[in-house]
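Peer 1: What follows is a structure written as C-alpha cells; I'll ask about it next.
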Amino acid sequence: MGEPEPDDAVLFVGVSLVLGIASRHLLRGTRVPYTVALLVLGVALGSLEYGTQHGLGKLGAGIRIWANINPDLLLAVFLPALLFESSFSMEIHQIKRCMAQMVLLAGPGVVLSTFLLGSAVKLTFPYDWSWKTSLLLGGLLSATDPVAVVALLKELGASKKLSTIIEGESLMNDGTAIVVYQLFYRMVLGRTFDAGLIIKFLSEVSLGAVALGLAFGIVSVLWLGFIFNDTIIEISLTLAVSYIAFFTAQDSLEVSGVLTVMTLGMFYAAFAKTAFKGESQQSLHHFWEMVAYIANTLIFILSGVVIADGVLQNNVHFERHGTSWGFLLLLYVFVQISRLIVVSVLYPLLCQFGYGLDFKEAMILVWSGLRGAVALSLSLSVKRTSDAVQHYLKPEVGTMFVFFTGGIVFLTLIFNGSTTQFLLHILGMDKLSATKLRVLKYTRYEMLNKALEAFGELRDDEELGPADWATVKKHITCLNDLDDDPEHPHDVDDKDDHVHTMNIRDIRVRLLNGVQAAYWAMLEEGRISQATANILMRSVDEAMDLVSRQPLCDWKGLKSNVQFPSYYRFLQMSRLPRKLVTYFTVERLESGCYICAAFLRAHRIARRQLHDFLGDSEVARIVIDESNAEGEEARKFLEDVRVTFPQVLRVLKTRQVTYSVLTHLSEYIQNLQKTGLLEEKEMVHLDDALQTDLKKLKRNPPLVKMPRVSDLLNTHPLVGALPAAARDPLLSNTKETVRGHGTILYREGSRPTGIWLISIGVVKWTSQRLSRRHSLDPILSHGSTLGLYEVLIGKPCICDMITDSVVHCFFIEAEKIDELRHSDPSIEDFLWQESALVIARLLLPQIFEKMAMHEIRVLVAERLRMNYIKGEDIELEQNYIGILLEGFLKTRNQNLITPPAVLLPSNADLSLFGLESSAVNLVDYCHTAPSYQAEARARIIFFDMGRASEAEADLQRTASLGHELPRTMSKEHSGLLRWPESFRRSRGGHNASLSEIRNQPDSFSARALQLSMYGSMVSPSGQGAQGHRRHRPRGMPNKRHSSSYPRVPSRPANTRPLLSVQSEGSNMKREATTTAPAPATSTDQQQQKVMQDDNSSDDSAGEEVIVRVDSPSMLSFRQSAAGVRSPPPSQDQ
C-alpha cells in the first residue's frame, strides 16, 4: 500500500468525532464513563488497522499518520486547551482552600510515588534496567492525568470539595511529574546531577513556570481591559495566550509548560472571570466546553490507537516475552499500592489543611489516580529516543515503556474509571441529604403549581383550540407521583435540634447562592465594576465555608474594602476647590459605595427570593434576620457618605443609570432586528453608536451637579404634579430638613401635624395594629409622601415612621394641605390617590411591597370611580382589591367596616393576591364579602390585581416563544431590566394603557407618574413648552410610537442635559454649628431664577446651599439668602 496522503489525517478526525458523538449519545444516563468508551474504540480502531495489515484504507492511512505523530507535538496540540479549560473552570476560592492539599499530593506525593514505583520495577522486573531507567518509568507513571480525571469527575458529579482536590492535584501532579520525568530522562541520557543541581533544576523548572504563567496572565488580563464588548476578540485572546504560554515555557525557557498553563488558567479564574459578562460569558463557556470535548475525544481515541499500535506492531517481541503481560498486571497492582501508600502517608497532613479529608474521600482519592495521554506521550518520547542512534537506551526499552504505559492507561481507565461511580455509591457519597430531599420534594410541588399556571395561560388557542390537562401531565413524568399533601421542608419535629441546625445551614447556603447570583446580574447590568464584583464574590465564597458554625458573615470579608477616614469630613469643610474635592473623594469612595450598595441590594433580592419560595418559615425568618443585621454597617457607611459627600452618591448612581439605559437600548434594537422590524445593517448602525457611548462612559465617567432645593421639590410626584397656581403657595410654606438614621418622624396614635415629602433616603414603618408578618422590607423610599392619609382623614397616625438612613425631606403643615384640598375637587381626588400609595403598602405588604412605586401609580390611575353615596351597593370583581379610605361600609351581616380597610371579594382565590385565609383572619382590617353597602359617603380605591401580574406573564410568554431574556433575580432586582417589557400590557376597552395615562395632559396622576419615572427630566406642571413631550393637535394620535414602549422624555433645547461634566463646585458649603436650623422657603422669584440658571456654570450666581453638621443624626440644609423656617420637632424626644 502506498504512502498515506496528508489529508487522510482529516478523515481520522472526522471519524473520531462521529464515534465520540455516538458514544456520548448512547451512554447518556448509563454508568459507563464516556472516556472509557473512547479508549476502547481507539484500541478497536488500532487493532483493525494493524491486525489486518492496513485493511482500513484511507481511514487506516489517517490512523497511521496520527499514531506516528511526534509526542511533543501531541502535547503541544492538545494539552494547552485542555489544561486551560480545566483550571479556568475551577473556583478560585476552592483552589485557595485546597492549595496545601494539592501541593502535598503533587510535590512530596509525586516524589514518593516515583521512588516507590521505580524501586518496585528495579527489584521485581527481569529486564535488568538501571536505577535511572526504573525511576524514569516510575516518574512517567506518577502523572495522574488531568484530562482523564477531569473528564471522569464531570460525568460522575462528585462533590465540589473532592473534585477540586482531585482535579487540582492532577493538574499540579501532571506538571511536577513531567519535571521529575525530565530530570531522570536527562540522567538516563548521560547527564550527571548532584543534590544541589537537582534542587536547582526542579526549582527553576517549576517556579519559573509559575512566574511565567503569572506574567502571561497579568499582561493578557490588562489587554482584556481595553477590549469592549467584542466577544470574538476576547475568546480568541484566551485561546492564543494559552498556546503561546505553553510554547514559550516548553521551547524557549525550558520550564514546565503544564504548570505555566495551569497557573495562567487559575489566574484567569481569580481575576478575569468577571471580565466576561452576559453573552460573552456564555459564549466563552460554550467555546471552551466545545474545545475540551473535541480535544478529549481525539486524545482518548488516539491513545487507544497508540496502545494497539504498541502491542501489535511489536507482537513478535511479546510472543518471545510472554511474561510481559503478567508483569503488566503486576505493575498495575504496584501503581495502586503506591497510590495507597502516598495517600496514607500524607493523610494526617491532608486532614489538617483546607477543608480536611475524611476516610471515604481518601478512598476516592486513591481510586481516582487515572493515567492518560500525558503519560502515554512521554513514553512515546522515550521510544522515539530509543529508536534513534544512541547507546544509552536500547530499542527494546522504548517498546516496553510504551507497552507498560499504554497498558496502565488502559487498565486504570477501564477498571478504576468504570468503577468509581460504583465506589461512590457504595460509600454513600452520591446521595442527597435528608434536608435537600425535603426541599427537592417541596420544589416538585411548586413545579406542579407552575405547570398549572402555565396550562391556564396556554390552554386555549384561537387557531388550534383547547388542550387536555390529564394528557399534558402524563408527559411530565417528574410530577406524576405527587399524591401526598405538600409538606413544607421545615415542618419537622421541633425537638430534633440536628435537623433544625441542618435546615438553617441549608437556607444560609441558598441565600448566599442568591446573593452571588445577584452580584453576577448587577455586573451584567453595569451596576458594579469588575474589581468590585471580584471582591463581592470572594466574600460570599468565604462566608459559605462558615455557614455551619456561625451566622451569615459575608460582610466580614468586605470590611477592609469599605473605609471612611475621619479626615474626609475636614476635607469637605476645607477651602479647597470643590471640583478637586469631589474628584478625589469620588475616586476613593467609589469602591466602598459600590460595595455597600451592591451588598444591600443583593441581600434584599436574596431575602425576597427566599421568602417567595419558602413562605413564612421560622428557619427562613432566622436567616433573613441574620441578613438584615449584616447590612447595618453597610448602611452606616452610605449614610456617612451621604452626610459628608452627597455628590458622590449622585455621581455613582448617574453612572449606573447611564450604563443601564445604554445597555437596554442596545438590547432593544437587537430585539427589533430579531423580530424583523430592523434590518441587520440598520441595527448595526444604531448599535455602533450606543457601543461608542458605552465606551466613552467607561473611560470618561461623568460628574453631575447636585440638585437645588427647588429641583428636589419640583420633581417630587405630589408637588410637581400640581398646577403652578396651587403649587407656588405650597412651596412658600415648605420646610426642609435632614434627619439622621433612627429619627422618628411621627408615632402611631399621635395627632397628624403635616405631611413629609421624602426626597432622598429611606424610611421604615412599624405598627402594633398593622401586621408586619408578611412584610419583608417595610421601607418607603424617595418620592413617597408620608402622613398624607392621616391629614386627609383627620385621624391619629396609624404607624410609626422612622428614618432608616439619613433622610432629606420636606415638611408641609396640615393646614396648608387642607387649604389645598378644598381649592379644587380634582386636586382633592389626587391627594386621596397619593395617600392610597402608602396605605396600600401598609395594609397589604405581601402584594404591594414587591411593586415599584410607579407600578402602583399605574393601578391607581386606572381606577374607574372613588366616591360612593349612602345606600349604594358595591360588588368586587374576582381579581379586584378595594381599600376603604374614607366613610363607612356594611356587609350583609351588618358588620360595620371603618377606614382604613381592605375589601376582598368573597369568591376570590386569596392565593392569587399573595394572601392566605389564615392571614386574613388574623387582622381586623381585612374583610371578605360578596358585596358591600355604603353606610355614609365613602371613598374607595380599587386595584385590578390581574393587571398587576400581566407584566410578569408577558415576560413568561415572551420566553416561551423562544426570545432570550436577560437573567433577572426578582421583580425588584430586574428594575431597568424589565424596561420595556414590563409596559407591554394588553388591556380591555375600559382600561387605559400606560402610554395613554402618561399622555393625559390634564391628569394629575399622569404628571405624578411621569415624575415618579423620569424625575428631573420632566418640567414642573404649567411650564408649557418646557414640558417633557411635544403637544399635538387635539385628536391626533401618536402613530409613530408604540404604546408598549415607554417614551423617554426628550430634552428641550433650552434645558440642561441629563449628565453634566461639572460638579456643584462653590454652590456647596459646610460649617459646624451647635444647633440644627431649619431650611428657609424658596420664593417664586428664587424659583424662576433657579430655572434660568440651569445652564449656568459652577461659578455663576445661584442658590447657595449650606449644610450644617452637628452629628450624623442632626443635619439640615438651608438657603443662605432666605429666612429660616423650623420644621416640627422629632417625636422621639
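The values are calculated or read from the model by the stated rules, or taken from the named source; none is laboratory data. These figures come from a predicted structure and were not determined experimentally. Neighbour counts run over all protein chains shown; Cβ positions are idealised from the backbone, glycine included. Ligands, DNA and RNA are stripped out before the accessible areas are found, and what is left, the full protein with its side chains, is counted by its heavy atoms. Shrake-Rupley method; radii C 1.70, N 1.55, O 1.52, S 1.80 Å.
Peer 1: Mind checking whether some residue in the stretch 114-132 is open to solvent by less than 60 Å² (accessible area, probe 1.4 Å), at pLDDT below 85 and touching a Gly at 6+ places or on another chain (Cβ under 8 Å)?
Peer 2: no
Peer 1: Any residue in the stretch 45-62 that is part of a loop (DSSP other than H, G, I, E, B), over 15 Å from ALA308 (Cα atoms) and open to solvent by less than 50 Å² (accessible area, probe 1.4 Å)?
Peer 2: no
Peer 1: A follow-up question, please. Considering each residue of the stretch 497-549, count those that are surrounded by fewer than 23 Cβ atoms within 10 Å (Cβ to Cβ), among the aliphatic types (A, V, I, L, M) and outside any helix (DSSP H, G or I), and give that number.
Peer 2: Qualifying residue count for the region: 2.
Peer 1: Hey, SER386 hits all of (1) without any contact (Cβ under 8 Å) to a residue 40 or more places away in the chain; (2) open to solvent by 40 Å² or more (accessible area, probe 1.4 Å); (3) in the same structural domain as TRP129 (by the TED database) but one; which does it fall short on?
Peer 2: Checking SER386 against (1) without any contact (Cβ under 8 Å) to a residue 40 or more places away in the chain; (2) open to solvent by 40 Å² or more (accessible area, probe 1.4 Å); (3) in the same structural domain as TRP129 (by the TED database), the one that fails is (2).
Peer 1: Being aliphatic (A, V, I, L, M), farther than 25 Å from LEU638 by Cβ and in contact with a Gly (Cβ under 6 Å, 6 or more places away or on another chain) narrows it down to one residue among ILE847, ILE798; which is it?
Peer 2: ILE847
Peer 1: Tell me the helices (runs of 4 or more DSSP H) entirely within the stretch 668-737 that contain at least 1 residues that are at pLDDT 85 or above.
Peer 2: So the answer is 680-699, 717-720, 724-731.
Peer 1: On to the next question. For SER418, which of the numbered conditions (1) closer than 24 Å to THR30 by Cα; (2) in contact (Cβ under 8 Å) with a residue 24 or more places away in the chain; (3) open to solvent by 60 Å² or more (accessible area, probe 1.4 Å); (4) part of a helix (DSSP H, G or I) fails to hold?
Peer 2: Looking at each condition in turn, SER418 falls short on (3).
Peer 1: Looking at the stretch 335-343, is at least one residue assigned by the TED database to the domain that holds VAL311, open to solvent by 70 Å² or more (accessible area, probe 1.4 Å) and either among the aromatic types (Phe, Trp, Tyr) or under 22 Å from VAL121 (Cα atoms) (or both)?
Peer 2: Yes: the stretch 335-343 contains one or more residues that are assigned by the TED database to the domain that holds VAL311, open to solvent by 70 Å² or more (accessible area, probe 1.4 Å) and either among the aromatic types (Phe, Trp, Tyr) or under 22 Å from VAL121 (Cα atoms) (or both).
Peer 1: For the stretch 886-896, does any single residue satisfy the condition of being modelled with pLDDT of 80 or more and in contact with a Pro (Cβ under 6 Å, 6 or more places away or on another chain)?
Peer 2: yes
Peer 1: Of the conditions (1) without any contact (Cβ under 8 Å) to a residue 24 or more places away in the chain; (2) open to solvent by less than 10 Å² (accessible area, probe 1.4 Å), PHE830 fails just one. Which one is it?
Peer 2: (1)
Peer 1: What single numbered condition from (1) under 48 Å from the mean Cα position of the chain (by Cα); (2) surrounded by fewer than 24 Cβ atoms within 10 Å (Cβ to Cβ); (3) in contact (Cβ under 8 Å) with a residue 12 or more places away in the chain fails to hold for LEU73?
Peer 2: (3)
Peer 1: Consider the stretch 244-277. How many of its residues are within 15 Å of GLN530 (Cα to Cα), open to solvent by less than 20 Å² (accessible area, probe 1.4 Å) and not polar (S, T, N, Q)?
Peer 2: The total comes to 4.
Peer 1: Of the residues in the stretch 596-655, how many are of a type in the set (Val, Ile, Thr), open to solvent by less than 30 Å² (accessible area, probe 1.4 Å) and modelled with pLDDT of 85 or more?
Peer 2: 4
Peer 1: Which of the residues belonging to the stretch 191-243 are small (Gly, Ala, Ser) and either open to solvent by 40 Å² or more (accessible area, probe 1.4 Å) or modelled with pLDDT of 90 or more (or both)?
Peer 2: Listed by number, the residues that qualify are ALA195, GLY196, SER203, ALA211, GLY213, ALA215, GLY217, SER220, GLY225, SER236, ALA240, SER242.
Peer 1: Sticking with this structure for a sec: Given the conditions (1) in contact with a Gly (Cβ under 8 Å, 6 or more places away or on another chain); (2) more than 15 Å from GLY1015 (Cα to Cα), report the number of the one that THR715 does not fulfil.
Peer 2: Tallying (1) in contact with a Gly (Cβ under 8 Å, 6 or more places away or on another chain); (2) more than 15 Å from GLY1015 (Cα to Cα), THR715 fails exactly one: (2).
Peer 1: While we're looking at this one, here's another question. Which is open to solvent by less than 60 Å² (accessible area, probe 1.4 Å) and among the hydrophobic types (A, V, I, L, M, F, W, C), of LEU432, LEU424, LEU458, LEU437?
Peer 2: One residue alone meets the criteria, LEU424.
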